[in-house]
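Accompanying notes for the structure given below.
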């Protein structure tokens, strides 16, 4: 029986994780759930899954959640704040941590789980984008097991040799990250100038939160995945190619030096990689429908348009620059996406904010978590000031 802490329970990954867990009550139990703004939804999850702890951001949310749980007679204890998140991530009674908090907010609790030697199901790509070197060093030192949840990275993991260590020793020539192309595939930059947040969030294949949906629409999400893949699989950005595949059936591929190309296929449903990682090295039912190739009928592939989607090029550039460039890229993007969702800037201005921030700040080599957070803070201050100037 695995005891699980789910960081980010009310998001799409959290909901899918709880769905898989509920199918196997003999294998998994929930130790803690955390949520951000959707308190009634978190309360409902607590009633169903009966975790020992529920964690929220602040005292006001804690009071609201406690009242809802008390009314239902729930024995779940409500705690709040960053320290509480780190505690449930590293608690002695926990075997596995699903790290599904979106953005930079997920870094510290995920690191707490790593340092405690937990099995980490990593859905928070920003942890590696911001602090890849420090994060992977902590994994090596603690003996933590790190399993990727992003469908692309999970697909690559499934296509690698069982005792995979580094690309150079496993005959790997290239990693091919698939991308659906998002809602604006085939659009020019001029066509995207006036798109709305609702249009950007209308992903053709995946149901996700608004921030990651915007990232998918701009292809910044794919850029962050490139950086994540560099750390997960010990490859350079020159060994990664993005392939636009609108059907989202092939989730990624690995090309070997002997000419072989291995791919992982499946219906576009996050329960597949979640179930794979939960049960690894075994397999369990995920609840996902079987893939019917006769229904799919065809698979299409295109090159990514770096001119119309400059965020992807900016991410590749940051990966090559290394140091704290990916940290700055991520922070600037988070600020810009928030501004777009609040309709303070246009969709195509997201790339402008990120580019200007990267061009204006001096890069350093962060040697501590404090240094990473300092780089993150500097980038946010600059990005917000730049957006304010653009809006005047």
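Since every read-out is calculated from the coordinates, none of them should be taken as a lab result. Keep in mind that this is a model prediction, so the values were computed, not measured. Cβ coordinates were reconstructed from backbone atoms using ideal geometry, including for glycine residues, and neighbour counts include every protein chain displayed.
I need to check one value: relative contact order of region 237-392, counting alpha carbon pairs closer than 8 Å and at least 6 residues apart, in percent.
Values: 152 pairs, mean separation 30.3, N = 156.
This gives 19 percent for region 237-392.
Can you tell me the relative contact order of region 165-278? Whole percent, Cα pairs under 8 Å, sequence separation 6 or more.
39 percent
Which of 307, 158, 247 moves the most in a Gaussian network model of the chain with Cα springs under 10 Å?
307
Anyone know which of 16, 170, 218 comes out most mobile in the 10 Å Cα GNM of the chain?
Looking only at 16, 170, 218, the biggest GNM fluctuation is shown by 170.
Please compute the contact order of region 2-148 in relative form: average sequence separation of alpha-carbon pairs under 8 Å and at least six residues apart, divided by the residue count, as a percent. Each step should come with its number before you reach the end.
Values: 287 pairs, mean separation 31.9, N = 147.
Once normalised by length, the contact order is 22 percent.
Suppose R0 equals 56 Å; then what is the FRET efficiency for residue 300 and residue 359 from their Cβ-Cβ distance, rounded to the nearest 0.05?
0.95
Assuming 0.36 nm per residue, please report the length gained on full extension of the stretch residue 313 to residue 381 beyond their Cα-Cα distance.
In short, 22.2 nm is gained.
Could you give the length gained on full extension between residue 258 and residue 342, defined as 0.36 nm per residue of separation minus the Cα-Cα distance, in nm?
Length gained between residue 258 and residue 342: 25.3 nm.
Which of these values of percent of Cα pairs over 36 Å apart was calculated from the structure shown: [x] 32; [y] 45; [z] 21?
Comparing each candidate, only [z] matches the computed number.
How do 335-347, 65-77 rank on mean C-beta neighbours within 10 Å, highest first? List each step's numbers first, then the result.
Numbers: 335-347: 19.5, 65-77: 15.2.
Descending packing order for the listed peptides: 335-347, 65-77.
Per 0.36 nm of contour for each residue apart, how much would the distance between residue 371 and residue 71 grow if the chain were fully extended, relative to their Cα-Cα spacing?
103.5 nm
At a temperature of 25 °C and a viscosity of 0.890 mPa s, determine how fast region 76-192 diffuses translationally according to Stokes-Einstein, using the Kirkwood radius over alpha-carbon pairs as Rh; express D in µm²/s, rounded to the nearest whole number.
151 µm²/s
With runs of 4+ DSSP H residues as the only contributors, calculate the mean residue ellipticity of the chain at 222 nm using -39,500 (n - 2.57) per run, divided by the residue total and rounded to the nearest 500.
Computed mean residue ellipticity for the chain: -14500 deg cm²/dmol.
How many percent of Cα pairs in region 2-148 exceed 21 Å?
37 percent
Restricting the count to DSSP beta bridges whose residues both fall in the chain, what percent are antiparallel, rounded to a multiple of 5? Walk me through the numbers on the way to the answer.
On the way: 12 of 41 bridges.
About 30 percent, rounded to the nearest 5.
Give the calculated FRET efficiency between residue 47 and residue 202 to the nearest 0.05, with a Förster radius of 22 Å applied to their Cβ-Cβ distance.
0.10
So, in Å, what gap is there between the alpha-carbon centers of region 309-332 and region 362-392?
That distance is 13 Å.
What is the distance in Å between the Cα centroid of region 233-262 and that of region 92-170?
That distance is 20 Å.
Shape call for region 243-392 from the C-alpha gyration tensor, a ≥ b ≥ c root eigenvalues: rounded (a/c under 1.5), prolate (a/b greater than b/c) or oblate?
prolate
For region 203-272, just say rounded, prolate or oblate: build the C-alpha gyration tensor, square-root its eigenvalues into a ≥ b ≥ c, call rounded for a/c under 1.5, and beyond that prolate if a/b exceeds b/c, oblate if not.
Cα axes put region 203-272 in the oblate bin.
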